[in-house]
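Structure first, then comments.
What follows is calculated from the coordinates using simple rules that are stated; it is not laboratory data. This one's a predicted model, so the numbers in the text were calculated from it and none came from an experiment. Note that we place each Cβ from the backbone using ideal geometry, even for glycine, and neighbour counts take in every protein chain shown.
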Amino acid sequence: MIPNLIEATNEYWRKLNELEAAYQRGEVSLEEVDTRVEGLMAELGRERRATVRFLMDNVRRIWQEQREVIVGLGAIGVLAYSWVVPS
């Protein structure tokens, strides 16, 4: 499963806006708002960690599978840069 951080962030803001509206209407207390915001932040934090973990796992996999290609392209880039800069 690919984590969708943008969707999770949008969902976080939607829930936060709903909570703010409920607070403005007097339906929830300030203590309850604090508790719910803490839970929403924890939920978004889990999604962020899952996304970072997913990205890092993919970077590690690509590095293991394509190490020679990446190093070769880096070497070509360095050589091209060192050839263009003195000119």
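Tell me yes or no: at least one residue of segment 72-85 is out of contact with any Asp or Glu (no Cβ under 6 Å at 6 or more places or on another chain) and surrounded by 11 or more Cβ atoms within 10 Å (Cβ to Cβ).
Residues of segment 72-85 that are out of contact with any Asp or Glu (no Cβ under 6 Å at 6 or more places or on another chain), as a first pass: 72-85.
Narrowing further to those that are surrounded by 11 or more Cβ atoms within 10 Å (Cβ to Cβ): 72-73.
Yes, segment 72-85 has at least one match.
Could you tell me which residue of segment 6-44 is surrounded by the fewest Cβ atoms within 10 Å (Cβ to Cβ), considering only residues that are of a type in the set (Val, Ile, Thr) and assigned to a helix (DSSP H, G or I)?
Step one: list which residues in segment 6-44 are of a type in the set (Val, Ile, Thr), which gives 6, 9, 28, 33, 35, 37.
Still in the running and assigned to a helix (DSSP H, G or I): 6, 9, 33, 35, 37.
Details: ILE6: 9, THR9: 13, VAL33: 15, THR35: 12, VAL37: 15.
Checked segment 6-44; the qualifying residue surrounded by the fewest Cβ atoms within 10 Å (Cβ to Cβ) is ILE6.
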Next on the checklist: On the basis of being touching a Leu at 6+ places or on another chain (Cβ under 8 Å), closer than 30 Å to ARG14 by Cβ, charged (D, E, K, R) and surrounded by 12 or more Cβ atoms within 10 Å (Cβ to Cβ), does GLU47 make the cut?
Outcome noted: yes
